[in-house]
């Protein structure tokens, strides 16, 4: 590859390439090995799954210092028809891998106690590990076809996981999620093919050079956006996400906070921030779609009575902010969106895991039948409140900075009305999250439920604490995010 | 050295706040008093010093920068003074209320946030601490009782909405000024600049508790623990809100008398005075009556600063500190009454002056201060505001003076009902630890009145700097006509009270003729039904909007869930019918296909 500089780090090159391969293939291969391990002992299976995901996290973290120094680690193996095996770890990819694997690791830890009451645990752990492996593969893909392959693996794993309880209704919902996201991704594949026709390559680096001469046609962009919006549950392809709330709570947390929904957002950043800069036209259209999506879903969250569906609508609403940040095309907005991925991931995972504790112990998800739970489950209630504050973007929680920067980016582009729309969305966020909190945890006791197990509480409390620490120690995530943003914008 | 103390102002209360949550029961209050005392001593040490402290923080111009100057030093000093008094007072007041033991934690963390917000020299840092106060405010109200969380949520949503406006204002200001460092910003009031000003001012006046952001305060008076009322709405929220309003009008935007925004502020101020005082007049609960006055008095401050005249600005800031003193004192007398008698319902109170003489004297002094009686502090700040308001327009002066009449009337009613009249039961005077803060506040009211040169020259006039044009605003007002009008109005209020008591039969009914007046009675009825509450109206509106959004969402889901699936089934049924096994149909298909192939080949 001409544009890549391989000789700079000749000594460490092999080592780093190995690390990159391990990050992806340890979980993918472990997922296939897990069914055999589970024959030995359930404890070993749980520990192994957790260890694998933690290992991915640690290995990703090892790549961070290098990536922040703007050294991209790449692995290239040519195949015919542009179907190249091309991995590349730049700072954006490493950041995303760290966020996704860290949140996934905590979620897996939580699921030890959550999932032990149910059947099909072996499949559960296999699928979760495969899910993360596919996510890692997708994050580091520098070839659109490779990216598409990993994208569809996540679709299959999420289909199995959403229908985990195997009731007829649940399976229908899982099918719905699968059909809607795959419909989108087929459109996206069409878009990829058109990119190949227009630029002659599926490799992102080649495309990047090519689009400097000939901009990509709008239809291609629209097709790819359809795929991204369907995966990230944005209007009008969002309705599968609330329905996916029938999945076990750790799975919903995984879908919303760590992997599935964030895939669309990440690919958006990968393609439309890092590779093909958006035209001014799209810089208005995408924020508008995101704004409508944020408002409609926030309104739906205010009306909904199912605890997990409300949090799901909240995800749809918050995803709008991330798209806004990425699409305005300036450093503040981009940095805000990157921070948003982290802060929203931490807080939303916490919210879903708290909802899981409530659901499992109170035996219902209907917020009208819940009340006063703070009396019996104070740790869950407080963790829920902390995570909710972060989503509401109230300082000193981390969500404050991400929302501030995103709206700041929008205003910098002169989007006065869109900024106002999103501020209204932020107000609705406060309203619906307090509605949930008040109905479930405060007021008169309607349902005497026990507190969750120690391990589950540890996980939710960690997410709550990290949401708080993310705001106070904003300096550290911000330094990483700022470096990524600089690299993204200086390379243009 | 000074930088270390600046950081300590923020860190020490924060740490001790968390500490007081962990400490065993008896030590919590002690921890709070010790921490707030240390905080007060730091503030005294730092007063009249200048310093700047910068740490890199969130990037994009968001540095953790603090700046100590005269104005911020003064506000810190005042806030720490109230923090100390309230934590002293709470030692006894909260005894036996186990559910409210988190109060000290919230109190200390609030002190930390207030210090941070006042010292902030970066708009985002200011917003960070400012908005973080939502949390402690929520916590402090929510611990008031089982149902208090509803009021807490209401307060959080109203303040949260205003803070979102302020966030927009901060972003817009940063965008226009190309910097977020407060001391470097100087903007003109072009259309976008005016919008930024309005958004920032919305945040400022909502913190101060002006209309239309005020409706949670009377609710909180009923729900929240009393020290919260004395600390938050009475003292530090006024300090913060008016401090920021003064900063944006004086430093950031340099409002002048020709500006429309100046008139807008004055109108908001005048309306706040009148609407809130009219509501205060008809209240029959000690705390709720005070809470409406906490709103009404903000009107004077906003009116004063809105005049953009030196007298008005100095009057407004002086009124801010005076109000914090007497209103905090008044709430504390209310707390004594509540603690000793177990109620604040005026219908059940009476003749407390004989059994609680110290409380009564403190009440007398603070009530005289709020009514603007010479020589107490409220008199001097109000005269300055009257002076400036009269210069800007008679109608503003009229509103202000009318507000004073009703203020005096409602405090005559309150004092007469609670402390005079027939004593029902014999009560004990409040414990010494609760009396000390009250007495200190009442004494300060006297000192700030009689020796008003002291606060005005030391604290307030330096804020204006050269803007005061060398004029000394202390001492008796220049315009003696104003003083005469004030005296006449106060005498009229006195007269009105005694006639009203005679006619309506009873001190508690002293305002009944106003409550039952033809048009007013309907307005009062609507107000009691919360028709004028922007929160209730807003929530209803948002509910309607949410229903529409919900329909749209369900509509989209219907497209996928029903329309697409049904269409698919219909299509597959049709194809199924076509392929029903009839020989003739297959022949037709084959022939048609062959025909197309031939057409294609021939072309």
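Bear in mind these aren't lab numbers, they're just calculated from the coordinates by the rules spelled out. In this text the structure is predicted, and so the values were computed from the model without any measurement. For neighbour counting, all protein chains shown are included, and Cβ atoms are generated from backbone atoms with ideal geometry for every residue, glycine included.
Fewest neighbouring Cβ atoms within 10 Å first, the residues B:381, A:230 line up as A:230, B:381.
Determine Rg/Rh for region A:1-131; Rg is computed over alpha-carbon atoms and Rh is the Kirkwood hydrodynamic estimate from the same atoms. Please report the intermediate quantities before stating the final value.
On the way: Rg = 17.1 Å, Rh = 16.1 Å.
Rounded to two decimals, Rg/Rh equals 1.06.
Relative contact order for region A:234-366: 34 percent, from Cα pairs under 8 Å spaced at least 6 residues apart, divided by residue count. Using C-alpha pairs below 8 Å separated by at least 6 residues, the relative contact order for chain A is 14 percent. With coordinates expressed along the principal axes, the C-alpha atoms belonging to region A:72-148 extend over 48, 26, 14 Å, beginning with the largest.
Full extension from residue B:3 to residue B:564: what is 0.36 nm times the residue separation minus their Cα-Cα distance, to one decimal in nm? Don't skip to the answer; put the middle values down first.
Working: separation 561, 0.36 × 561 = 201.96 nm, distance 6.61 nm.
Result: 195.4 nm gained on full extension.
Here the Debye sum runs over all C-alpha atoms of chain B as equal scatterers in vacuum, and log10 of I(q)/I(0) at q = 0.08, 0.10 Å⁻¹ comes out as -0.55, -0.84.
Quick one: grab the alpha carbon gyration tensor of region A:34-88, order the square roots of its eigenvalues as a ≥ b ≥ c, and give me rounded if a/c is under 1.5, else prolate or oblate depending on whether a/b is larger than b/c. Because a/c hits 1.5 or more and a/b fails to exceed b/c, region A:34-88 counts as oblate. Helical content of chain B, expressed as a calculated mean residue ellipticity at 222 nm, amounts to -24500 deg cm²/dmol (DSSP H runs of 4 or more residues, -39,500 (n - 2.57) each, divided by residue number, nearest 500).
Between residue B:522 and residue B:492, the FRET efficiency from the beta-carbon distance, with R0 = 25 Å, is close to 0.45. Using all pairs of distinct alpha-carbon atoms, the Kirkwood hydrodynamic radius of region B:280-428 works out to 15.6 angstrom.
Under the simplified labelling scheme, the residue B:513-residue A:39 pair shows an inter-label distance of 9.8 nm, with each label point 7 Å from Cα along Cα→Cβ.
How large, in Å, is region B:115-216 by the Kirkwood hydrodynamic radius built from its alpha-carbon pairs?
Working: mean 1/r = 0.0699 Å⁻¹.
About 14.3 Å, per the Kirkwood formula over Cα pairs.
Based on the Cα atoms of region A:320-395, what semi-axes does the equivalent ellipsoid have, where each is the square root of 5 times one gyration tensor eigenvalue, given in whole Å with the largest first?
On the way: eigenvalues 203, 27, 17 Å².
Ellipsoid semi-axes (Å, largest first): 32, 12, 9.
Mean residue ellipticity, 222 nm, helices only, chain A: the sum of -39500 (n - 2.57) across DSSP H runs of n ≥ 4, divided by residue count and rounded to 500, is -25000 deg cm²/dmol. For region A:199-258 versus region B:100-166, the inter-centroid distance based on Cα atoms is 39 Å.
Calculate, for residue A:219 and residue A:281, the FRET efficiency according to 1/(1 + (r/R0)^6) with r their C-beta to C-beta distance and R0 22 Å; round to the nearest 0.05. Once the sixth-power term is evaluated, E becomes 0.95.
Distance from the alpha carbon centroid of region B:281-304 to that of region B:181-219 works out to 21 angstrom. Computed on the Cα atoms alone, the convex hull of region A:234-381 gives a volume of 101 cubic angstrom per residue.
Each principal axis of the Cα cloud of region B:35-169 was taken in turn, and the coordinate range along them, longest first, works out to 44, 35, 21 Å.
For chain A, the convex hull spanned by the alpha carbon atoms encloses 128 Å³ per residue.
For region A:370-444, which semi-axes, largest first and in whole Å, follow from the square roots of 5 times the eigenvalues of its Cα gyration tensor? Provide the component values of the computation, followed by the final result.
Values: eigenvalues 190, 34, 5 Å².
Ellipsoid semi-axes (Å, largest first): 31, 13, 5.
Helix B:310-341 and the longest principal axis of the Cα set of chain B meet at an angle near 90°.
Which of A:135, B:537, A:180 comes first, and how do the rest follow, when ranked by fewest Cβ neighbours within 10 Å?
Values: A:135 30, B:537 14, A:180 22.
Exposure proxy ranking, most exposed first: B:537, A:180, A:135.
With one equal scatterer per alpha carbon and no solvent term, the Debye-computed log10 I(q)/I(0) for region A:396-492 at 0.14, 0.17, 0.21, 0.23 1/Å reads -0.81, -1.03, -1.20, -1.24. In plain terms, the chain from residue B:471 to residue B:175 could stretch by 102.9 nm, reckoned as 0.36 nm per residue minus the Cα-Cα distance. Computed over region A:250-317, the alpha-carbon pair-distance distribution with 10 angstrom bins reads 19, 39, 32, 10, 0, each value a whole percent. With a ≥ b ≥ c taken as the square roots of the eigenvalues of the C-alpha gyration tensor of region B:1-93, please select rounded if a/c is under 1.5 and otherwise prolate if a/b is larger than b/c or oblate if it is not? Here region B:1-93 falls in the oblate category. Cβ-Cβ distance of residue A:209 and residue A:416, R₀ of 35 Å, FRET efficiency by 1/(1 + (r/R0)^6): the value works out to about 0.45.
By count of other Cβ within 10 Å, fewest leading, how are B:149, A:424 ordered? Walk me through the numbers on the way to the answer.
Numbers: B:149 23, A:424 18.
Final ranking by Cβ density, sparse to dense: A:424, B:149.
For peptide A:402-411, the mean count of partner chain Cβ atoms within 10 Å of a residue's Cβ comes to 4. Take each residue of peptide B:552-559, count the partner chain Cβ atoms within 10 Å of its Cβ, and average: the result is 6. Per-residue mean of foreign Cβ neighbours for A:170-182 is 1 (Cβ atoms of other chains, 10 Å radius).
Two decimals is fine: what's Rg over Rh for the protein assembly as shown, C-alpha atoms, Kirkwood radius as Rh?
Values: Rg = 32.7 Å, Rh = 31.5 Å.
Computed over Cα atoms, the ratio is 1.04.
Cα centroids of region A:26-87 and region A:371-443: 34 Å apart. For chain A, take the longest principal axis of its alpha carbons; what is the angle in degrees between that and the long axis of helix A:416-441, to the nearest 10 within 0 to 90? The angle comes out at about 30 degrees. Pairwise alpha-carbon distances in region A:82-193 exceed 16 Å for 66% of all pairs.
Express the relative contact order of chain B as a whole percentage, based on alpha carbon pairs under 8 Å and six or more residues apart in sequence. If you can, show how the numbers build up before the last one.
On the way: 941 pairs, mean separation 66.8, N = 603.
The normalised contact order for chain B reaches 11 percent.
Modelled spin labels at residue B:48 and residue B:432, positioned 7 Å past Cα toward Cβ, are 3.3 nm from each other. Can you give the Rg/Rh ratio of region B:436-506, where Rg is from the C-alpha atoms and Rh is the Kirkwood radius? Here Rg/Rh amounts to 1.17.
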